[in-house]
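The values are calculated or read from the model by the stated rules, or taken from the named source; none is laboratory data. Predicted, not measured: the structure shown is a model, and the values here were computed from it. Cβ coordinates were reconstructed from backbone atoms using ideal geometry, including for glycine residues, and neighbour counts include every protein chain displayed.
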Amino acid sequence: EEVIAGSGGDEIIELLTKLFVAPGDSMIDCPPTFGMYEFCARISEAQLIPVERHDDWEIDIDATTAEIERTGAKILFIASPNNPTGNLLPDEDARAILDTGIVLVVDETYYEFCGETSAGLLDEYENLVVLRSFSKWAGIAGLRVGYAIGSELIVDHLMTIKQPYNLNIAAESAALAALQHQEKLLARIDTLTAERRRVEAVIDELDGITYSPSTANFLLMRFDRFTGDEAYELFARRGIFARKFSGRRLENSIRVSVGTPPQNDLVIDGLHDLN
Ligand SMILES: Cc1ncc(COP(=O)(O)O)c(C=O)c1O
């Protein structure tokens, strides 16, 4: 009664927005963050209110709670770890937001890489939803399986508006197989974390490149002497597809996923070229 599965976490983000946002309602977003929240706000014809994160990418709690009170916004999505900055939402910040009464969706798509969760607050707060995905840890993004954990009240309402056959049989089989082989799949995360640390150690030695401390399977890199576009092009020529961004705060940054050791070697070569 307290869990709902969806065709990827994305479907659940869309369902939650549909459930809580009517045209003209305010929806707060805390950029830089995952673009789907803004996308869903737009298709629900919400009025989007950006509350920028601090320079260390933490949520500006005072400004966020003030905007919640001012606008009467009904739902807020916060990714933890955040995409693309990699930082977590501390429980203390989650509580401050939940105490306003808004529905807080903590998007834990990258949970398995960090082991930190807001799920411990579920018993205390009926307005908390925790979102998870099989896309990253189980590596089945193309099969589209995600799920949310929340109060029976919210899950009940989501069940009434979701399509009855939203999860196809192939996706369901893959998710069940992933659960059956959970231990083996999760063991790969240790390798990935060690590889992230290896890339970080290289950047630590380079001039003009920094990264945001990350708890996820990617690194947000920032260049003093290059734009994100230039770094993107250089990596692309080496067959590495990074994520670049528009907007003032990330125009000198790219996000790079941590791959296999040979793939990370290519990234490291590219970083030396950029130095
Ligand atoms: C923060 C965040 N939430 C949700 C998703 C969507 O995941 P899914 O593949 O389960 O739809 C992503 C995908 O990259 C993401 O980064």
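What the table shows:
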| read-out | value |
| --- | --- |
| Residue among Phe34, Phe39 that is assigned by TED's automatic domain parsing to the domain that holds Ile169, of a type outside the set (Gly, Ala, Ser), within 12 Å of the ligand (Cβ to nearest atom) and free of Cβ contacts under 8 Å to residues at least 24 places away in the same chain | Phe39 |
| Selection status of Ile140, within 15 Å of the ligand (Cβ to nearest atom), at pLDDT 95 or above and in the same structural domain as Arg95 (by TED's automatic domain parsing) | yes |
| Qualifying residue in the range 126-136 (condition: more than 15 Å from the ligand (Cβ to nearest atom) and of a type in the set (Phe, Trp, Tyr)) | no |
| Test: residue in the range 154-161 that is within 28 Å of Asp56 (Cβ to Cβ) and loosely packed, with under 14 Cβ neighbours inside 10 Å | no |
| Scope the range 42-59; condition outside any loop (DSSP other than H, G, I, E, B) and within 16 Å of the ligand (Cβ to nearest atom); matching residues | Ile43 |
| Residues of the range 103-122 that turn out to be in a loop (DSSP other than H, G, I, E, B), surrounded by fewer than 21 Cβ atoms within 10 Å (Cβ to Cβ) and of a type outside the set (Gly, Ala, Ser), as a count | 3 |
| Test set (1) among the hydrophobic types (A, V, I, L, M, F, W, C); (2) buried (at least 24 other Cβ atoms within 10 Å of the Cβ); (3) more than 9 Å from the ligand (Cβ to nearest atom) - Val145 fails condition number | (3) |
| Test: Asp62 is surrounded by fewer than 21 Cβ atoms within 10 Å (Cβ to Cβ), within 16 Å of the ligand (Cβ to nearest atom) and not in a loop (DSSP other than H, G, I, E, B) | no |
| Pairs, first farther than 15 Å from Thr109 by Cα and in the same structural domain as Leu16 (by TED's automatic domain parsing) in the range 144-157, second more than 16 Å from the ligand (Cβ to nearest atom) and at pLDDT below 95, C-beta under 9 Å, six or more apart | Glu152/Glu1; Val155/Glu1; Asp156/Glu1 |
| Answer from Asp156, Asp207 - the residue that is more than 16 Å from the ligand (Cβ to nearest atom), out of contact with any helix residue (DSSP H, G or I) (no Cβ under 9 Å at 6 or more places or on another chain) and not in a helix (DSSP H, G or I) | Asp207 |
| Counted residues, the range 239-269 - those being without any contact (Cβ under 8 Å) to a residue 60 or more places away in the chain, surrounded by 13 or more Cβ atoms within 10 Å (Cβ to Cβ) and assigned to a loop (DSSP other than H, G, I, E, B) | 4 |
| Those residues of the range 37-59 which are over 18 Å from Arg249 (Cα atoms), surrounded by fewer than 19 Cβ atoms within 10 Å (Cβ to Cβ) and hydrophobic (A, V, I, L, M, F, W, C), in sequence order | Phe39, Ile43, Leu48 |
| Matching residues, the range 4-31, being away from the ligand (no atom under 13 Å from the Cβ) and part of a loop (DSSP other than H, G, I, E, B) | Val21, Ala22, Pro23, Gly24, Asp25 |
| Residue tally, condition buried (at least 17 other Cβ atoms within 10 Å of the Cβ) and either within 16 Å of the ligand (Cβ to nearest atom) or in a loop (DSSP other than H, G, I, E, B) (or both), over the range 79-99 | 12 |
